[in-house]
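The values are calculated or read from the model by the stated rules, or taken from the named source; none is laboratory data. Bear in mind the structure is a predicted one, so any value in this text is a computation, not a measurement. Ideal geometry is used to build each Cβ from the backbone, glycine not excepted, and the neighbour counts take in all protein chains shown.
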Amino acid sequence: MAIVASRPNSVGSGLTSTGAAPGGQPPAPAWQQIVKRAVRDPAELLRRLDLPPPPRNPDGAHRQFHTFVPEPYLSRIRPGDARDPLLLQVLPQAPELDDEAGFLADPVGDLASLRRPGLIHKYHGRALLLASGACAVHCRYCFRRHFPYQSAAAAERELEGTFGELATDLGIREVILSGGDPLMMTDQRFRRLVARLATLEQLTRLRIHTRLPIVIPQRVTGKLVESLSGLRLKVVVVLHANHPREIDGDVMAATARLAGSGALLLNQSVLLRGVNDDEQTLIELSERLIAAGVLPYYLHQLDRVRGAAHFEVPVKRGKTLMAALRRALPGYAVPRYVREDAGAPAKTVLA
Ligand SMILES: *Cc1c(COP(=O)(O)O)cnc(C)c1O
Ligand code: SF4
């Protein structure tokens, strides 16, 4: 998805550290150990789920964008179901390598909007900071699967320059932390970044786009909640869940902790074929989000990224689904159906 979603990772970027603590230090928090132990081999993923090898060899897809599935997410996938909507989001498949006309490496023109390393300024008043190149899961539909993180994400030594640039642009009122996934940063680094941003006087809001509280709810640590509590900036956290089964009891507990910081909680989803392109699933997703204290914000039309064509749902079908949601749900539980168009001044509202 666009800024949003969160992005692919290759574990390890300037701001991310999941390495073992050196001697004498307290052990790494549970969430970092979960990241370390994530399943990275498609054959192992299938074995764990009692599934046979697929008819077409997926190794090429895996090489292009590595398999990465942490345990808490894996545990929500139904064994023996090759069409499980959570599995389809993370399992590399041979069709990813099929070339489809109109599907590009950088479909939303992010590289053209890079203002300096790690800083994308596309929309009025909001600047996006690529705070980490890493993610806690690799989503096969992700529009950033080809993104050159090593060069585009902000390395820590470059951040001061970015803060300097932000300080001179009084039009920017909101900084959006994205990535990768900004919550892949350690608690200490995250706290430092957020505290530094709060010193920029013209900022009124801090937004965090993250899939981590969904994928590894243990990431919502007391320290994280503390660094968001009592900030001068209004904090908005945009989660990224695509299917109601992604929101289990642990995730509900994590959103409750996050809400305790005073942050406004929103969710964005991507409309994905075989995952959530039916009325009942989308209705249940909204119901589940509201139960978790999270407002559905955006339902994204898929960005036309090379490798994701098999996930595309026609816009006409998306509009029909939106009409069904409007009939079935209270207005506050209906997301806006949007598409990111390269060069446009805002997301395009489709319904
Ligand atoms: C989507 C996006 C935003 C935020 O857009 P909202 O409509 O405010 O959610 C900001 N910057 C970039 C580069 C984006 O893609
Ligand atoms: S969490 Fe998934 S969708 Fe979000 S950036 Fe990472 S790979 Fe992309």
### Summary
Selection from region 253-284 of residues touching a strand residue (DSSP E or B) at 6+ places or on another chain (Cβ under 9 Å) and over 20 Å from H209 (Cβ atoms) yields L282
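Step by step: first the residues of region 302-333, then only those that are more than 16 Å from ligand 1 (Cβ to nearest atom) and assigned to a loop (DSSP other than H, G, I, E, B), then the one that is surrounded by the fewest Cβ atoms within 10 Å (Cβ to Cβ). Which residue is that? Explain how you work it out, then say what you get.
As a first pass, look at region 302-333 and keep what is more than 16 Å from ligand 1 (Cβ to nearest atom): 306-333.
Next, only the ones that are assigned to a loop (DSSP other than H, G, I, E, B) stay: 306-308, 312-314, 329-330.
Details: R306: 20, G307: 25, A308: 24, E312: 20, V313: 19, P314: 12, L329: 17, P330: 9.
Per the stated criteria, the residue is P330.
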### Message
Condition first: surrounded by fewer than 24 Cβ atoms within 10 Å (Cβ to Cβ), part of a helix (DSSP H, G or I) and within 11 Å of ligand 2 (Cβ to nearest atom). Can you find one or more residues in region 152-171 that meet it?
### Response
no
### Task
Taking H121 as the residue in question, decide whether it is modelled with pLDDT of 85 or more and away from ligand 1 (no atom under 13 Å from the Cβ).
no
### Query
Quick check: anything in region 57-76 surrounded by 15 or more Cβ atoms within 10 Å (Cβ to Cβ), over 23 Å from the mean Cα position of the chain (by Cα) and closer than 21 Å to C142 by Cβ?
yes
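Can you report the number of residues in region 257-273 which are among the β-branched types (V, I, T) and surrounded by fewer than 24 Cβ atoms within 10 Å (Cβ to Cβ)?
Just the residues of region 257-273 that are among the β-branched types (V, I, T), to begin with: 270.
With the extra rule that they be surrounded by fewer than 24 Cβ atoms within 10 Å (Cβ to Cβ), the set shrinks to none.
Of the residues in region 257-273, 0 are among the β-branched types (V, I, T) and surrounded by fewer than 24 Cβ atoms within 10 Å (Cβ to Cβ).
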